[in-house]
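Novice: Here it is: the structure, laid out below.
Every number here is computed from the coordinates shown, using simple stated rules; none is lab data. Just so it is clear, the structure is predicted and the values come from calculations on it, not from any experiment. Here the Cβ is made from the backbone with ideal geometry for all residues, glycine too, and neighbour counts use every protein chain on show.
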Amino acid sequence: MSDDFFYRDVPAFGRKVFRFGLAANYGIDGTDLEWALEQGVNYVFWPPNARKMTEPLKAALKRNRESILLATGPTIGYFGSSIRRGCERLLRKLGTEYLDVFQLFWLGRTSAMTESTIDALVSLRESGKVRAIGVSIHDRGRAGRLAQDSPLDMLMIRYNAAHPGAEQDVFPYLAKGRPAVVTYTATRWGGLLKRPKGWDGPVMTAGDCYRFCLSNPHVDMVLTGPKNRLQLQENLHEIREKGPLSEEETRWIRDFGQVVHNASSRFTFRF
């Protein structure tokens, strides 16, 4: 199996990454983090509210800073001044001289892209305090526009078998020198791991969900948010054992994802 499925040189990050990233805010502890790093995982997404992971992450950065590509950001990002202060606080808290990816969370809800916030992000990148700047965003249309014309180095977007809309709204607009694409909610918050009414075929595993994302060439990284070591081990084992989706698996997963999407849509009230 080609290493290209698992590893990728990402120009926006200036380095090679293992394409299976770890979200540190769903239950894992410091020993789980150490185990993941030993397995080759090098992208760690750490929001500041993941407090129990602060000291383990700080220790890991101190041991070998260049082995970790750390993504984080301020809890709220509406003003340039607060974004600068937030960056300084995170640098002090983690005892590091730089952040690999500094991102605004949930753009349009808990953060905003204004002249002030963009200037703050670009200034932090130019200062060397952060190496790349990005956002997490649910608005796919806006994400597509940002992919075409923005100073961002990274877009963190929702993408899974039940919500593949990024294939039309974002991926076609990724030009040369594009921002890196990090995907999350691969399991649709667990919804893709359950059998929908009327479906008689096989049900996806978490590993299938991650393989679906990684099999798309536009995806640089998919995040996993395990609750414990066992989930992390199972997920990592399955993507390594099975690799990219076959054509048959792709057809099955797309059909399954559509059924899951339709089933959930029936219970969505629209006003």
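Novice: What size of dipole, in debye to the nearest 20, comes out for the chain about its Cα centre when the only charges are +1 on Lys and Arg C-beta atoms and -1 on Asp and Glu C-beta atoms?
Specialist: Here the size comes out at about 840 debye.
Novice: Please give the peptides 156-163, 136-143, 224-231 ranked by average Cβ packing (other Cβ atoms within 10 Å per residue), highest first, as a rough proxy for protection.
Specialist: 156-163, 136-143, 224-231
Novice: Let me ask something additional. How charged is the neighbourhood of R158? Take every other residue with its Cβ under 9 Å from the Cβ of R158, and add Lys/Arg as +1 and Asp/Glu as -1.
Specialist: +2
Novice: Determine, at each q value in 0.08, 0.10, 0.14, 0.16 (inverse angstroms), the log₁₀ of I(q)/I(0) that the Debye formula gives when each Cα of the chain is one equal point scatterer.
Specialist: Calculated log10 I(q)/I(0) at the listed q: -0.32, -0.50, -1.00, -1.29.
Novice: Determine, for the stretch 3-264, the count of lysine pairs separated by eight or more sequence positions (or lying on different chains) whose alpha-carbon distance falls under 27 Å.
Specialist: 24
Novice: From the phi angles alone, apply the Karplus equation (6.51, -1.76, 1.60; θ = phi - 60°) to the stretch 248-256 and give each ³J(HN,Hα) in whole Hz, x where the residue is Gly or Pro.
Specialist: Working through the residues one at a time gives 5, 5, 4, 4, 4, 5, 5, 5, 4 Hz.
Novice: Can you list which of the trypsin sites (Lys or Arg not before Pro) found in the stretch 76-136 are DSSP loop residues with at most 14 other C-beta atoms within 10 Å?
Specialist: R109
Novice: Using only the alpha-carbon atoms, how far is helix 54-63 inclined from the longest principal axis of the chain? Give it as 0 to 90 degrees, nearest 10.
Specialist: 70 degrees
Novice: Note down the nm distance, to one decimal, between modelled labels 7 Å out along Cα→Cβ at A59 and at W106.
Specialist: Placing both labels 7 Å along Cα→Cβ, they lie 3.1 nm apart.
Novice: Put +1 on the Cβ of every Lys and Arg and -1 on every Asp and Glu Cβ in the stretch 3-264; which of V182, F5, I239 then has its Cα farthest towards the positive end of the dipole?
Specialist: V182
Novice: Between beta-carbons, use under 15 Å as the cut-off and find the net charge around Y78, counting Lys and Arg +1, Asp and Glu -1.
Specialist: +1
Novice: How charged is the neighbourhood of S123? Take every other residue with its Cβ under 11 Å from the Cβ of S123, and add Lys/Arg as +1 and Asp/Glu as -1.
Specialist: Computed value for this residue: +1.
Novice: Sort out for me the Cα centre separation of the stretch 103-119 from the stretch 23-69, rounded to whole Å.
Specialist: Centre-to-centre distance over Cα atoms comes out at 25 Å.
Novice: A further question on this structure: Out of the chymotrypsin sites (Phe, Trp or Tyr not before Pro) in the stretch 1-70, which ones are loop residues according to DSSP with at most 15 other C-beta atoms within 10 Å?
Specialist: Y26
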